[in-house]
Structure formats: C-alpha cells, structure tokens
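The values are calculated or read from the model by the stated rules, or taken from the named source; none is laboratory data. Note that the coordinates shown come from a computational prediction; the quantities given were computed from them, not determined experimentally. Virtual Cβ from ideal backbone geometry, glycine too; neighbours counted across all protein chains shown. Accessible surface areas use protein heavy atoms only, side chains included; no ligands, DNA or RNA. Shrake-Rupley method; radii C 1.70, N 1.55, O 1.52, S 1.80 Å.
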Amino acid sequence: MTLVEHIKDLQELKHRLVLLLSHVYPLDTEMIKILLNTADSKSVFDDAKDFVFVKLLPNNYITLHDVMRDMINTYVWPEVHSDRRSWYSQKAIEIYEKNINRLSLELESQAQNLKSSEKEKSFECALKHAELEQNLWVLKEELLRHSLEIDIDKGIETFIAIFDEASKQAKLFRRNRFIDLLEKQSERLTKNQHCILDYYRARQSFDEGNFKETQEKCTGLLGYADLSPTVKVDALILKGNAEIRLGHVKESIQEFSEALRYANTNELKEKEILANTALGWAYRTMGDYNKAKHYYHQAKSLCMKQGGPENSSIYEIYGFILNNYAFVLSNDNKSRKAAIDMANTAIEHWKKIENSIGLGAGYLVRGIAYYRSDLSELAMDSFQKSLTIFEPLGINDWIGQIYSWRGAQYHDIQKFDLAKQDLEESLRIGAKNIEAMTLNRLARIYMNKQNWIEAERLLKSSLDRAKELPDYIYWIGSLARLINVSVKQHINDRKKIAEEYKKFTSGIEEFQKNLEYPDENSMGIAYLGLAKLLFLLNDYNKLSEIIKYLKLGIPLVVEHGSFARTDILTRLAIIEDDFDKVDSEIIKKVGSEMIKFISDKESENLNYSTAVDIIFRWANWN
C-alpha cells in the first residue's frame, strides 16, 4: 500500500508511468513518449521492465499485473483530477486509430502475400497474418474501452460498428469482450442505451445457438415502454429468427409482420428491407414459395431503391436477399439456371465485402441449386466450401443445414452409408426448423434398404414435425412417401389398400385446406401414390380416378421435380414395380386413355418425352 501512496504524489516520472499503465495498456516507448510528453521514454521503459508489478509482453510492450492495476484504480485514480484520465483516453484513441489504420494496411498486404506465397512459405505467412489480426482486434478493443470512457454516446456508436465488424468475420469471442466493456459502463447508460445493450446480448445468444435464451431476452426487451423504433424492429426480427430455429414458424411470421408494420410507420427504410427478407424466409421455411418470392421481390426492389450493393449500409442485406432469392428460384426447373447465376453473384458479392458468414451461406445455396440441377460434383464442391467456413467457427445451425443437404446429395448418388451419417448428424446438431426435411430424407435411406417399418416410423415423425412447424413441403412430401411405404407393407391385402387409400386421400385433403399453393413436386408424388393404390385395387370402376391422378401428378413431377428428365422415370417406375399384381387390361386401358394427354404435353415441353415412352409401353402392356 505504501507504493500506491507514493504513486498518488505523481512527482516522479515512474509514478506517472504506473498511473498511466493502470488506464492505458499495453504501452511501448512511442506511446510513453506521447502520453507522458517525455523525450526520455526509452530509459523510463527500461526502468519499468524491472518493476515486480510490471509484465514485459511480446513485441516490447509492458503492462501492469492485474492486482496492481486494480489497486491503483481503486485507491489512486479517485484522488486524481478526472481531466488527466480523459486526456489519457483521448490521446490513446488518437494513437489506436493511427495504429489500426497502419495494421489494417499491413494485414491487407500480408493477405496478398499469403495468396501468392509458395507452398513452403505459406505457413510462415499464415502465422504472420494471424499475429497481425490478433493485434488489430486488441487495438480495436482498447479503442472501444477508451471511447466509452470519454463519451458514452460516441462510445456506443463505436461499439455497434466494431460489433458488426466482428460479426462479418464470425469473431463471437471478440463480441463477448465488447459486450463486457459496455456492461462495465452500465451505471452511466440511459434507459435507451440499456435497451441497446440488451439487444446485443440477445444477438450474441442467437449467434451462439442459444435460441430459447434469445427468445426470452427479446421478449423482455420488447416489454420496455418507449422502446426506440429502431431497437424495437431489430428485436422483433431477432425474436422471429429465434422462433423459426425453435420450430415456431407461425409465431415468427407474427413477429416479422409486426416488424414490417412498425418499420413502415416509422419510415425505417433499411429495417423495412430486413422485415420483408425475414418474411420471405419464414414463408420459404413453410414451403409457401409464392409468398416467399413476393417478399423477396419486395425486399430486393426496396434495396435497389436505396442503392443496392453500392450502399455500404445495406450491402449485407443485399447479399442475404440474393442468397434467399437464389434458393427459391432453385426450386423450379424453369429458373434453376437463374438460381445458379444469382448464387454466383451472391458469392462474388460476399467475397468483395469480406463477410465469411454470408459467403458460407452463399456456397450452401449454390450447392443446393447444383443438387437440384443434378450436378452432383459441383454440389459437393460447394457444400465442402461452405463447411470449410462454418466448421472452424462451430456454428451448428449452418453446419446442420449443410449436412442435411449433403446427405440428400449422397443419397441421390447412392452413397447410402455416407448419406445416413450426414443426416443423423444433422438431426443431432441442427435447428428444429429443418427436422421434418431431414427425417424425411433419412426415411428414404431405409426405403432404399426396404426396411419399411423404420421408414414408416421416420416418415410419421417427419409428418408430425411438419404439421407442428408447419413445413408444408415435408407435410405433403412425407404423406406422399408414406403412401409408397404403405403399398409395400400391404401389397397383397386389397382391403387394407382400400383403407389406406381412404386414409391418405383424407390426409391430402386436410393438407390442401392449409395451403393454397403446395409444393408442386411433392404434390405430384402424392397424386402418383394415390394412382398406385388404385391400380392395386384391380377395380375397373377406378379407371377414371387413376387417370385423374396421373393427369394431376405427371405434369407436377415433370415440370417441378428435382431432375426434370429423370425424376418422372423414377416415379412412374415405382408404379410399374407392382404391375405384376395388376390386371394387364387395366394397365392397357389407362395407357391408351393417357396417350393423347401426354403427347400434347410433349409437343409443348420435351421434358415429357420420357413419360410418353412409358405411357405407350403401358398401352401395349402384356
């Protein structure tokens, strides 16, 4: 304590150095020269290195041991004029800003060296790059600490800017440190500033995958009276995003709709774009692609009016609109080329603005577009690029999505063990909103293995989950595949097949009441499943119903299936599989009645040519 008492006098340069070190740290000779206004900074620095309470750091910096710093802040600073502390902070900010600019340029140069370096030198370049990046974030953290110290309003502006910068690079650990610095200023914060802090706490919880905690924090935040419009819209959107991850899609739409209404009322143009994008995602998650397209189109139009990719305040929003729009376009055969082009545009955009999360998402969307276009090698390459970004960051929400889609791709190239491994891992780590999809995909593995009991269990779980969310694509998709599983289980029991037909017809009618525009491919598979059940009844009185379902189902699968030229072949082959149980005259009659319908379709769209060949075969069945 005697030492601390001496420091209070500030008579000697070494005492002023220790006081300075308790507030600005770490220090090198150049900083000591500026902050203590001394030409003898080197000898002061060398003397300080020998103090027992001073630590020498790499790159010739010094700092105090934590206990000594705490003692000086507790016992000395309260008796020193506050102007000195403010002056130190202001000068430190000037130094940090200068050093941040210098290090940023060095980091950029090192990044170029890393790209162009020879293999044997790349490791050395990578280490240097990592060291520069680490030092840069330390400086930004100290810049924030001193900014908050001298001007809380400007400090919060700095906090938001640095937090968002760390978000682009997925530096979640750094963001936690920034939040801690703001929390230390809690007693100085206004009510509205406390709300800002609470919102960023919720953001941190969300990005760490704690969706229930995010939901609760946002609910608490939204309970504040006189919440600023900006924070209110941000909190509503964040809460809606958490609701989707928890599997509460309908609830998310309520939050996003309220956010859009509030953004409109308060003329918050950028927030209006975000709310439209969020609504597009919610409806996309439900499988209502028509509404999803509507909201994405709205968001994109508003975005372009605000300057689009050239407006730095919205270029991240613009990137996510491209990602989401590409996903929706990839669902339709007619727009898959456009989807791939848009995904590539998004990827180049994310590279340009150096946003790793957006880039990883862009690669995933491109992989999905390639998968749906039957370009398996390109799809796998894009999925791997996405994993390379998200796996080191440990962001399970994204990793779970990649595993589910890669599992589907493995299934389509008949690597069933790898598909099963990916899909099971997706179920283990992924968010609730993709469970129905992933369960359905896992069921298809067991269908391939002809394990009908396990396939049925998984499909029923998928159907239940799809109804809860709701996820309309896998609601009808699971129903459609349950029909095929049921056929295999009751192939020789016409009475049971008749009961199953009645049950599934009722299930499809229930589904159609919930969604005006269902997923066309899944709906087509369901119609073809009903046609197969009717074939197996061997009842001439059912001919018109069989033809009705074929006329409904074939166009939906040809025009909206995953792979236009092969998917209809697979679907009609499933019907043919059990034609040995069907009266050949019924098959011939159905084929003859369908020829004109399918031929007319082929004259408009050559993708029907496979179906034409099959229908002619049926018309001549022996």
Charge context of Arg261, other residues only, Cβ under 14 angstrom, K/R +1, D/E -1: -2
Contact order relative to length of the chain, as percent, for alpha carbon pairs under 8 angstrom and 6 or more apart: 7 percent
Table column - 3J(HN,Hα) (Hz), segment 271-276, Karplus curve with 6.51, -1.76, 1.60, x for Gly and Pro: 5, 4, 4, 4, 5, 4
Rounded percent of accessible protein surface that carbon and sulfur make up, the chain, 1.4 Å probe: 48 percent
Ser599-Arg428 FRET efficiency (beta carbon distance; Förster radius 35 Å; 0.05 resolution): 0.10
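How much accessible area per residue does the chain have, in Å², with a 1.4 Å probe?
46 Å²
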Using alpha-carbon coordinates, inclination of helix 66-75 to the longest axis of the chain, degrees: 60 degrees
Dipole-positive endmost among Leu144, Phe535, Thr265 within the chain (Cβ charges, Cα centre): Phe535
With Cα atoms, 0 to 90° folded angle of helix 191-207 axis to the chain main axis: 50 degrees
Size of electric dipole in the chain: Cβ of Lys, Arg +1 and of Asp, Glu -1, about Cα centre, debye, nearest 20: 1300 debye
Estimated dipole of segment 508-622 in Debye, rounded to 20 [Cβ of Lys and Arg +1, of Asp and Glu -1, Cα centre]: 220 debye
Difference of contour (0.36 nm per residue) and Cα-Cα distance, Lys415 to Lys496: 25.8 nm
Gyration tensor over alpha-carbon atoms, segment 409-546, equivalent ellipsoid semi-axes in Å: 27, 18, 12
For the chain, calculated [θ]222 nm from helices alone, where every DSSP H run of n ≥ 4 adds -39500 (n - 2.57): -26000 deg cm²/dmol
Relative contact order (%) - criterion: Cα under 8 Å, at least six apart; region: segment 194-261: 29 percent
Cα long-axis angle, helix 494-514 against the chain (0 to 90 degrees, to the nearest 10): 50 degrees
Dipole of the chain, positive direction: furthest Cα of Leu35, Val52, Gly307, with charges on the beta-carbon: Gly307
